[in-house]
Amino acid sequence: METGEEFGPWLARQLKLAGKTQAELANELELTRAAVSAWITGRSTPRPTVMADIAKALGTDVGTVHTRTTDTQAGLPVTWYHRPGYADGGRDLGNAAAFAFDADVQVLARETCQNSLDERLTENGRPVKVRYTLHEITGETLDAFRDAILWKDLFPHYSAVSETAGNQKVGRVVDAGVRDMYEKGRLVLLRVDDYNASGLIGDDYADGKFAAVVRRQLESLKSGPGAGGSYGLGKATLWATSALGLVLINSTLSVPHEGRTERRVIGRLELPWREVDGEPYAGPAWFGRPDPDSPAAMVARSWWADEQTVESLHLTRENDEPGTSFLIVGAHDVAGLAANSSDPDDGFIGDEESDEDTRDITTMHARLVEALGRDFWAAMTGGGSKLPLLEVSVRALRNGKEVVAEQQVDPSVEQPSRTRALRAHYEGTTVDRLTEAGHVAARSVPLKLPLSGGAHGTFGTHQAVLLITEAEGDRDGAKNRMHSLRGNRMTVKRTVVPRLPNSTNPFQAVLLVGEAAGETAPFAKEAEEFLRAAEPPEHDRWGQTEELTLRWSPSAYRRINALTAEANNAVRELVARPKRSRGEGGEALRKALTVRTRPKAKAPTGPVVPVLDGLDATVGDGGEWQITGEVSIPRGDEIVPMVPVAQLDVRSGGRPRLDWAELVGVEGCEAEDGILRFTSGARRAKFRGTTDVTSHPVKTALTRLVVELRAGKGE
């Protein structure tokens, strides 16, 4: 049960809400103002007989005054506060942060589950529990919900947005959401609950998790390098998934605020600029209790709701564990329309939607389960002394009745091969090579961390852990893929391992980097910080970012490219089938043959310069140039190292130079720091390279590529 707030702070807030002074309350109770002041400062408490008089003065019941687990209903009622238009006439036609993501429940799952992992309470060692509930409401249930959110007060604002919907994107989305609700008589609610998490702690306005989520944009208060989020953008997916731009919140706090922890409620609405009854409004609005300390008591702040209120808002939590419930009102899944096309990584093919319904709760249920299993299988996996970090379930309801039973996402079902590999790592049962079915091979892969501040050199070498095992049928999705992850165990990168021999048996690989490689791994925290800075807002790859450039150097991302190349080489080595020895099966024939050999021509003395003899280039799916180069090497004692240089062909001026995302030697050479070093005595060599798309000044399809071999440093 919840512990009631201290009497003094509770009474002070009720007087503000009721618009009463201490002196006015003292007069009503026929007591001195000093007595009321002593209650508020905590020097004394009223006698039980006085409690009834206080309840009468505040317009509430005696039980509320005794328990103090909620505010009285007297004074300022819960309402909507719409931010006034800017005095300078400026207009915001939508929240720019929301445009960073599509209306996609799979993106929502990735961002919200990542946030819950970051907010997990670690002291008790238990996983954070996240539940997704899709709830379609119609008829009387829909009417009751609209009454609870004061829809009549909101409707003029939605009407104003609809009138100008043809002029801007957000308006068209909102207009379609309102039309769907009225024309089809339904509304889809998508609730995301987490338990054993910190909750939205902190003041309504001052620095803290509450203000970062509810009041501010582009602010991230994630602590520690192992946190998944870093941009403060992830919360925007909540509002992006709502066709009405409306999210309601109920949080149970891990740290009391105003002496309370349960049922801290607020709502936020994201609409574009609009004009209602001649008054301009800037965009966002908040659903809460008017703050008596704000000018004219206009600004709405969070309030401590009673159980009946949270039930009417569909925000009832299943227990008193700390955490937060987000209710997305008018959820839609535009990206779900493309679910019948093949995913480039996992090969999933969804059922075709004949009516192209972006609000079908059974389709959204399936897509949520798929995304959670694909992106968070590692966080849900334990073994040995390592416990899971996460438990996730998904369910679907219609007017409170179960449509799709609650499904616990099981990593051993969604990603069986990788789950087996990670569990073997935790249990210490990995092997050096794959010799039997079910084996898991492990290999260390170095990540050389650069010095910060643009300094040249290596700060330290972190040893990432590569795991590889045989693929189990089609249950893991597409084969021969590598999932890369760091401390919070969310899959960041999903890549194809290139240049595999045709005879390779299907496999799945996992690359554990940073704290995911183990707390005792050298430079684990430094690797976490480095890789976190290398992630874009989508947290779906590691590469060049502005933060990486500013904190380390413009070329720091090449350390990640080198890690990827090392990991790919290790995979190819581990999956390679052993070659038969030269003498095996042919010793008698070998002895019977005599081969005449010509005397070797005398090699010229001095260094020789290799020449680019052939080039094959294609454009990859991500817009990168993928090249294979053939090199001819003259006979000589010493072969000059060469630097492959990729440039864009232009009609005039200098050719723009492209960076390499990956450069590897295939035959007769090795690539090291962008330089090809050739095997002594080799006459031919082959190398492969992939350009870094972020270094392309224009769209690749509009360019022509020139590749040269240059001696020295390639300048």
**Message:** Between THR628 and ALA23, what is 0.36 nm times their sequence separation minus the Cα-Cα distance? Round to one decimal in nm.
**Reply:** 209.2 nm
**Request:** Sort the following peptides by mean Cβ neighbour count (other Cβ atoms within 10 Å, averaged over residues), highest first: 247-256, 625-634.
**Result:** 247-256, 625-634
**Prompt:** Cα gyration tensor of region 7-67, axes a ≥ b ≥ c as square roots of the eigenvalues: rounded (a/c below 1.5), prolate (a/b > b/c) or oblate?
**Reply:** rounded
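Using Cβ contacts closer than 10 Å as the measure, can you line up HIS314, HIS696 from fewest to most? If you can, show how the numbers build up before the last one.
Details: HIS314 23, HIS696 18.
Fewest-to-most Cβ neighbours within 10 Å comes out as HIS696, HIS314.
Tell me, in nm to one decimal, what length is gained between ASP649 and LEU702 on full extension, where the rule is 0.36 nm per residue of separation less the Cα-Cα distance?
Fully extending the segment from ASP649 to LEU702 adds 18.0 nm.
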**Asked** Quick one: if the Förster radius is 30 Å, what FRET efficiency do ALA38 and ALA206 give, using the C-beta to C-beta distance and rounding to 0.05?
**Response** 0.60
**Loop trypsin sites (Lys or Arg not before Pro), region 32-74, which have at most 11 other Cβ atoms in a 10 Å radius of their Cβ (DSSP)** = ARG43
**Message:** Can you give me the convex hull volume of the Cα atoms of region 603-711, divided per residue and expressed in Å³?
**Reply:** 100
**Request:** Mark the label point 7 Å from the Cα of GLN308 along Cα→Cβ and return the residues of region 47-64 whose backbone N is within less than 16 Å of it.
**Result:** 59-64
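Can you say what percent of the DSSP beta bridges in the chain, counting only those with both residues inside, are antiparallel? Round to 5.
85
Apply the membrane-span-like helix rule to the chain: whole DSSP H runs, Cα extent along the own long axis of at least 15 Å, mean Kyte-Doolittle hydropathy at least -1.0. List the helices found.
Span-like helices in the chain: 7-18, 48-58, 105-118, 151-163, 169-184, 361-376, 557-575.
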**Request:** Determine, from the Cβ-Cβ distance of LEU612 and ASN124 and an R0 of 56 Å, the FRET efficiency 1/(1 + (r/R0)^6), rounded to the nearest 0.05.
**Result:** 0.35
**Complete:** For the chain, the charge dipole (Cβ of Lys, Arg +1; Cβ of Asp, Glu -1; about the Cα centre) points to a positive end, and the Cα of PHE459, PRO156, VAL192 closest to that extreme belongs to PHE459
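With respect to the cross-link table entries LYS16/LYS209; LYS184/LYS401; LYS209/LYS235; LYS169/LYS699, which display a Cα-Cα separation exceeding 21 Å?
Beyond 21 Å between Cα atoms: LYS16/LYS209; LYS169/LYS699.
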**Request:** Estimate the FRET efficiency between TYR426 and ARG475 by the formula 1/(1 + (r/R0)^6), using the beta-carbon distance for r and 25 Å for R0, to the nearest 0.05.
**Result:** 0.75
**Asked** Taking other Cβ within 10 Å of each residue's Cβ, how do HIS539, HIS439 sort, fewest first?
**Response** HIS439, HIS539
**Request:** Work out, step by step, the length gained on full extension between ARG710 and LYS686: first 0.36 nm times the residue separation, then minus their alpha carbon distance; give nm to one decimal.
**Result:** 7.1 nm
**Request:** Arrange the following residues from fewest to most other Cβ atoms within 10 Å of their Cβ: VAL431, VAL440, VAL707.
**Result:** VAL431, VAL707, VAL440
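Each reported figure results from applying straightforward, stated rules to the coordinates on display, with no laboratory input. Being a predicted model, the structure only gives us computed values, none of them experimental. Cβ coordinates were reconstructed from backbone atoms using ideal geometry, including for glycine residues, and neighbour counts include every protein chain displayed.
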